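Below is one structure, written out as structure tokens, with a few remarks after it.
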Amino acid sequence: MGDLGINLPGLITQIISFVILFVILSKVLYKPLVAMLDQRAEKITAGLEAAERAKEEAAKSEESIQEQLQEARTEGQKLVTQARETADRFREEEMAKVKEELEAERVRAESNIQRERDAAIEELRKEFAGLAITAAEKVVKTSLDEEGHRALIDGVLNDEGSRNN
Amino acid sequence: MSKILGSPRSLAILIICLGVVAASVLGGALGSAFGLGFFASSLPAIQLPAEKVTDGFDTPVGKWDVMNTMITTWLAMLVLILISLRIRSKLNDVPGRLQSLFEVAMEFFLSLCEQIAGKEKARKFFPLVFTIFIFIIVANWMGILPGFGTVGRIAGPEEIAHHHDAHGYHDPALEDSSHGSKESKPKAHGAHGDDHGSHLDSVKLHVFQDYEGIPIAALSPGSLQEELTFAEYEEKHGDIGAGKRAGHLVPFLRSANTDLNMSLAIALVAMIMVHFWGFSILGFLGHAGKFISFKSGPIGFFVGILELISEFGRVISFTFRLFGNIFAGEVLLMAMAFLLPFIGILPFLGLELFVGLIQAFVFSMLTLVFAAMASVSHDDGDHH
Amino acid sequence: MEGDIMNVGAGLAIGLGAIGPGIGIGMLASKAMEALGRNPEAGAQIQQNMILAIAFTEAIAIYALVVAIIIKFV
């Protein structure tokens with residue numbers, strides 16, 4: 001053993017040196033560094049999880065925004081159609097009203113015209129009868145009294161009117 | 001080729017390289033065969049045990065001396081402790097360069113531990129495994145720095161003789177200067193001449209420059225040109241010329257793992273911890289039952305005994321694997337520097353870096369595997 | 001004379017002792033390369049186990065080296 005260089009004091013010195021190194025490195029280097037590595041791993045895991053969560057949330061909010069947008073769009077569509085319908089109805093109503101009014105106007109005008117015409121005809125007839133009487137009086141000079149003439153002419157004119165109508 | 005030769009700068013570099021190669025080939029041990037060898041030196045004395053740097057004190061278990069490998073061990077410890085203190089003081093969630101380096105290495109070993117030993121046990125095994133790794137790698141890489149094995153004190157002939165078990169040997173040079181007695185010389189000769197004479201006489205001494213009596217020397221190419229044996233030294237009565245000193249170089253620093261004490265110390269700590277974990281995880285009977293079992297008859301008993309022996313074999317193979325690789329590497333570097341100074345050593349320096357890394361990795365991996373094996377009971381193991 | 005025979009013995013010890021582990025490491029590496037070719041994803045695992053197995057094999061060469069060193073220097 002001695003020839004190989006192994007001697008007890010030297011061996012014990014080296015064992016003690018190595019154990020001291022082991023203890024010091026464990027206390028000074030490994031403990032804080034391993035703790036730091038663990039902490040960092042934890043932090044990274046937490047960070048990744050948070051990122052994942054944020055991503056999910058973003059996707060979710062995106063979806064809700066999309067939904068809301070869709071809703072608003074359909075709402076707008078509905079409003080537009082409604083407005084169009086209202087407008088249509090209003091227009092038709094107005095049109096109908098105007099038509100009615102025009103019709104009424106026309107009817108009134110027609111009846112006015114009819115009445116005027118009737119009145120004019122009556123007037124004409126009266127005037128004509130007077131004229132005829134005057135004429136006949138002049139012609140026959142009192143062969144007939146006025147009463148008898150009027151009756152005769154009325155009869156003639158009525159015949160004529162019914163034939164004309 | 002013409003481009004390289006055309007540029008004066010690359011031409012100069014080429015010429016310098018060729019000059020270094022020529023100087024190394026001609027000046028080394030190869031060139032000395034042709035009478036050149038201006039850098040040639042004899043191979044430094046290769047010694048298996050670590051060398052003593054200064055005297056220590058007596059302890060109940062033997063004399064404790066400061067060895068050169070101990071100094072390297074303490075230096076490596078100092079480096080590691082300073083690095084870890086620095087990392088600790090600048091510990092930050094956003095790591096600096098040094099911290100990143102250690103984080104990467106630790107992450108690698110942590111995942112290795114988890115892979116081999118499982119998640120809970122990994123935290124238990126990791127500190128020892130990683131300490132073994134970084135200590136061995138720092139010690140190994142330190143050992144190939146310049147200055148290791150080349151700067152040291154000069155051990156005189158008396159000390160060398162002492163190593164060769166010739167305890168009564170007296171240096172004739174010192175004898176002459178002290179009282180010049182001729183009677184003591186035959187006595188000295190007789191002391192080692194009886195049983196160790198032929199052995200000691202052929203031991204070679206190197207001749208160093210004597211710098212005003214300070215016994216310190218540094219190896220450089222061509223510094224060990226002269227050498228002589230003990231027999232020649234005796235013949236000259238220790239008188240080898242003015243300003244010269246005979247002896248061996250004892251380096252102040254020597255790679256820590258070229259000392260069996262160091263590798264044995266790490267192996268013992270590793271195996272003791274492995275069995276400590278075995279006992280603490282499986283309980284006393286659970287772990288001891290692997291080695292001494294009466295359950296499965298005489299065959300099982302002998303298998304257990306064989307396992308017990310193989311545990312000691314593991315300590316020995318741990319020790320000698322590390323020691324053998326690093327010691328052989330040092331000898332290889334020395335021989336290469338001897339054969340081809342300057343350039344012969346370069347590829348082997350790279351090889352030694354690699355070997356140092358691999359040995360550190362293998363030592364820590366085997367510790368981890370043994371710990372994982374020791375913490376699993378045999379009954380569990382069969383089911384896998 | 002005795003020293004010469006010791007030198008020869010040391011050389012033989014490491015020389016003969018290196019044959020077996022040399023062949024062993026070669027076989028190990030060739031099989032590991034084969035496995036790597038078949039299953040490149042398992043590269044890290046294969047490399048790790050290969051290094052471990054080589055360390056065990058190499059230990060035998062180291063025993064021979066230690067014997068040689070003991071013969072030569074002790």
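The values are calculated or read from the model by the stated rules, or taken from the named source; none is laboratory data. The structure presented is a predicted model; accordingly, all values stated were derived computationally and were not measured. Please note: Cβ atoms are built from the backbone with ideal geometry, for glycine as well, and neighbour counts cover all protein chains shown. Calculation scope for accessible area: heavy atoms of the full protein, side chains included, ligands and nucleic acids excluded. Shrake-Rupley method; radii C 1.70, N 1.55, O 1.52, S 1.80 Å.
Numerical summary
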read-out: Of all residues in the stretch C:62-74 being more than 8 Å from chain B (Cβ to nearest Cβ) and open to solvent by less than 30 Å² (accessible area, probe 1.4 Å), the one that is farthest from the chain's Cα centre (by Cα); value: C:Ala68
read-out: Which listed residue is under 18 Å from A:Val19 (Cα atoms), part of a helix (DSSP H, G or I) and not assigned by TED's automatic domain parsing to the domain that holds B:Val269, from B:Ile71, B:Ile136, B:Ile160, B:Ile83; value: B:Ile71
read-out: Residues of the stretch C:20-52 that turn out to be farther than 20 Å from B:Gln359 by Cα and within 14 Å of another protein chain (Cβ to nearest Cβ), as a count; value: 1
read-out: Only listed residue being away from every other protein chain (no Cβ under 14 Å), assigned to a helix (DSSP H, G or I) and open to solvent by less than 30 Å² (accessible area, probe 1.4 Å), chosen from B:Gly278, B:Gly286; value: B:Gly278
read-out: Test result for B:Phe291, open to solvent by less than 40 Å² (accessible area, probe 1.4 Å) and within 12 Å of chain C (Cβ to nearest Cβ); value: no
read-out: Candidates A:Lys31, A:Lys60, filtered to the one that is among the basic types (Lys, Arg), within 14 Å of another protein chain (Cβ to nearest Cβ), farther than 30 Å from B:Ile316 by Cβ and in a helix (DSSP H, G or I); value: A:Lys31
read-out: Criterion: open to solvent by 20 Å² or more (accessible area, probe 1.4 Å), modelled with pLDDT under 90 and within 14 Å of chain C (Cβ to nearest Cβ) - qualifying residue of B:Phe338, B:Phe342, B:Phe320; value: B:Phe320
read-out: Any hit, the stretch B:95-104, residues being within 30 Å of B:Ile46 (Cα to Cα) and facing chain A (nearest Cβ under 10 Å); value: no
read-out: Top-ranked residue in the stretch A:1-28 [being of a type in the set (A, V, I, L, M) and outside any helix (DSSP H, G or I); ranked as farthest from the other protein chains (Cβ to nearest Cβ)]; value: A:Met1
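Conditions (1) more than 10 Å from chain A (Cβ to nearest Cβ); (2) within 22 Å of the chain's Cα centre (by Cα); (3) under 30 Å from C:Ile69 (Cα atoms), marked per residue:
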| residue | (1), (2), (3) |
| --- | --- |
| B:Met70 | no, yes, yes |
| B:Leu85 | no, no, no |
| B:Arg88 | no, no, no |
| B:Glu114 | yes, no, no |
| B:Phe125 | yes, no, no |
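Yes/no per residue for (1) within 30 Å of B:Cys113 (Cβ to Cβ); (2) in contact (Cβ under 8 Å) with a residue 60 or more places away in the chain; (3) part of a helix (DSSP H, G or I); (4) assigned by TED's automatic domain parsing to the domain that holds B:Leu110:
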residue: B:Phe301; (1), (2), (3), (4): no, no, yes, yes
residue: B:Leu306; (1), (2), (3), (4): yes, no, yes, yes
residue: B:Ile309; (1), (2), (3), (4): yes, no, yes, yes
residue: B:Ile326; (1), (2), (3), (4): yes, yes, yes, yes
residue: B:Leu333; (1), (2), (3), (4): no, yes, yes, yes
residue: B:Pro341; (1), (2), (3), (4): no, yes, no, yes
residue: B:Leu349; (1), (2), (3), (4): no, yes, yes, yes
residue: B:Val355; (1), (2), (3), (4): yes, yes, yes, yes
residue: B:Thr367; (1), (2), (3), (4): yes, yes, yes, yes
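Rundown of residues vs (1) more than 21 Å from B:Ala267 (Cβ to Cβ); (2) free of Cβ contacts under 8 Å to residues at least 40 places away in the same chain; (3) not basic (Lys, Arg), yes/no style:
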site: B:Glu51; (1), (2), (3): yes, no, yes
site: B:Asp65; (1), (2), (3): yes, yes, yes
site: B:Met77; (1), (2), (3): no, no, yes
site: B:Ser84; (1), (2), (3): yes, yes, yes
site: B:Leu101; (1), (2), (3): yes, yes, yes
site: B:Phe108; (1), (2), (3): yes, yes, yes
site: B:Ile116; (1), (2), (3): no, no, yes
site: B:Arg123; (1), (2), (3): yes, yes, no
site: B:Ile134; (1), (2), (3): no, no, yes
